[in-house]
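The values are calculated or read from the model by the stated rules, or taken from the named source; none is laboratory data. This one's a predicted model, so the numbers in the text were calculated from it and none came from an experiment. With ideal geometry, Cβ positions are generated from the backbone for all residues, glycine too; neighbour counts draw on all protein chains shown. Surface accessibility is based on the protein's heavy atoms, side chains included, excluding ligands, DNA and RNA. Shrake-Rupley method; radii C 1.70, N 1.55, O 1.52, S 1.80 Å.
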Amino acid sequence: MAEDEHGGELRTANSSDRSGNSGTAIIAADSFEDPGHPEHGHRVTDSDPQKSNNAQRWIVGLFWFSLVASIFAIAAYFIWPIDREDITSVRWNSLFIGIGIAFAMLAVGIGMVAWAKYLMKDEEMAEARHTTAGTPATQKRAVEIFAQADEESGFSRRKLLRNSMITAVLALPLPGIVLLRDLYNGNNESPVKLLHETMWDEGVRLVRDPSGTPIKASDVTVGSAFHVIPEGLNDLGHDELLNAKAKAIVLLMRLPEEKLNERPEREGWSYHGIVAYSKVCTHVGCPVALYEQQTHHLLCPCHQSQFDVTNHCEVIFGPAGRPLPQLPITVDNDGYLVAQSDFHEPVGPTFWERRNDYNV
C-alpha cells in the first residue's frame with residue numbers, strides 16, 4: 001500500500017483487481033465516476049416548425065446571395081476592365097471583383113454554419129474508443145452511421161437547401177476561372193516583336209546616359225565602359241521614355257582587338273575593339289552594369305550572372321539563359337559612334353515565346 005502526494009491511498013493493479021486497461025500500472029482508489037453529459041438544451045427550431053422553416057429560408061437566401069455575388073464578380077471583370085492607358089482602372093477592377101468574391105465566400109460560409117447550427121440534429125453523444133477493424137459488421141455499421149447522418153442533417157430530405165448550397169459552392173470558383181483569361185496572350189502583340197523593336201536604327205548615334213552627349217570612337221579607351229542610350233530618347237514623354245529606355249539601354253566597352261573572338265556572321269559589328277551590348281540581363285531583366293576590366297566580364301548584381309565580352313557575351317556563370325544581344329555599331333563621317341541597325345534578336349529576359357538561340 002502506498003500514498004500519493006495528496007495523502008490518498010494507491011493500490012497496485014493485479015490480475016484479480018483491475019479496473020483499468022492493460023496498460024494501467026497504478027489506479028487511484030479515489031477515482032470518480034463519469035458525470036455524463038449535461039442536460040440537453042433544445043433549440044427553438046427543434047420545437048417550432050415555423051421557426052425551422054424560417055431558418056431554412058434564410059439559409060437558402062444566403063446560398064442564392066452567394067451565387068449572385070459570384071455572378072457579379074464575373075460581370076465586374078467585364079464591366080470595369082483594366083485599361084492599359086489608365087492605371088486607375090486597376091483599382092476599380094480589383095475592388096468590384098474582390099467585393100463579389102468576398103461576399104460570395106462569406107455568404108456560403110455563413111449559410112453552411114447556420115445549417116449545422118439551427119437545422120441539423122443537435123444531440124450530445126459519446127463513443128468508446130475501439131481498435132480499428134474492417135470486419136463486415138463494422139462496415140455495415142459504418143453504412144448505417146452515414147445513413148443516420150444523412151437523415152439527421154436533412155441533406156437528402158431538404159432538397160431546396162441542399163441544391164442551393166451545391167449551386168453556390170459550384171459558382172464560387174467561376175470568378176477565379178474567368179480571371180485566368182488574363183493569362184491568354186492571343187489578343188496582345190507578340191512579346192517577341194515588342195522586345196525585338198527598339199529605338200536603335202541605322203545611323204542613330206550612341207549618346208551618354210543620361211546627359212545625351214554623343215560619343216566619338218576616340219573617347220572610348222581600352223578598359224573603359226559607357227552607359228549608352230540612343231539619340232533622341234530624352235526628347236520623349238515620361239512614360240514613353242521609360243518604356244523605350246528599358247529596351248534600348250546599352251553598355252559600350254573597348255577591348256584589345258586581338259582579344260575579341262568574333263563569329264564570321266558578326267564581323268563588322270564592332271569598331272576597332274569597341275563593342276556594344278544590351279544592358280538588360282537575359283535572366284529577369286536587371287541592369288548588367290558591372291564591368292571587370294582585367295577579365296572583360298560583365299556581372300549582373302541581381303543574381304550574379306556573368307557574361308564574357310570577349311566571346312559575344314556568352315553566359316559563363318549564373319542563371320541567365322542566353323548571351324546578351326549585341327548592337328552592331330560603326331562610326332559616321334564625323335567620327336561619332338552610330339548603330340548599324342536595331343538588335344538582331346529580342347532584348348531582355350528569356351521567355352517561352354522565343355527560342356533560346358540567336359535566330360528569331
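How would you classify region 49-181 from its alpha-carbon gyration tensor, with a ≥ b ≥ c the square roots of the eigenvalues: rounded for a/c under 1.5, else prolate if a/b is greater than b/c, otherwise oblate? Before the final figure, lay out the partial values.
On the way: a/c = 3.51, a/b = 2.19, b/c = 1.60.
Prolate, since a/c reaches 1.5 and a/b exceeds b/c.
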Filtered hits (lysines, Cα-Cα < 27 Å from Lys247, offset >= 8 within chain) -> Lys193, Lys216, Lys279
Would you please put 64-70, 248-254, 136-142 in order of how densely packed they are, using the mean number of other Cβ atoms within 10 angstrom per residue and starting with the highest?
248-254, 64-70, 136-142
Lysines near Lys51 by alpha-carbon distance under 21 Å, same-chain residues fewer than 8 away left out - which ones?
Lys117, Lys121, Lys159
Mind jotting down the distance between the C-alpha centroids of region 65-137 and region 215-272, whole Å?
56
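Sort 143-154, 170-181 by packing, meaning the average of other beta carbons within 10 Å per residue, with the highest value first.
Highest-to-lowest ranking by the protection proxy: 170-181, 143-154.
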Accessible area of region 143-283 with a 1.4 Å probe: how many percent of it is carbon plus sulfur?
54
Once you place label points 7 Å from the Cα toward the Cβ at Glu197 and Asp150, how far apart are they in nm?
6.4
So, counting K/R as plus one and D/E as minus one, what does the shell of residues with Cβ under 15 Å around Arg43 add up to?
-4
By its C-alpha gyration tensor, with a ≥ b ≥ c as the square roots of the eigenvalues, how is region 202-360 shaped: rounded for a/c under 1.5, else prolate for a/b larger than b/c, else oblate?
rounded
Using R₀ = 25 Å, calculate the FRET efficiency as 1/(1 + (r/R₀)^6) where r is the Cβ-Cβ separation of Lys140 and His42; round to 0.05.
0.20
Using the per-residue mean of other Cβ atoms lying within 10 Å as a proxy for protection, in what order, highest first, do the peptides 119-126, 195-202 fall?
195-202, 119-126
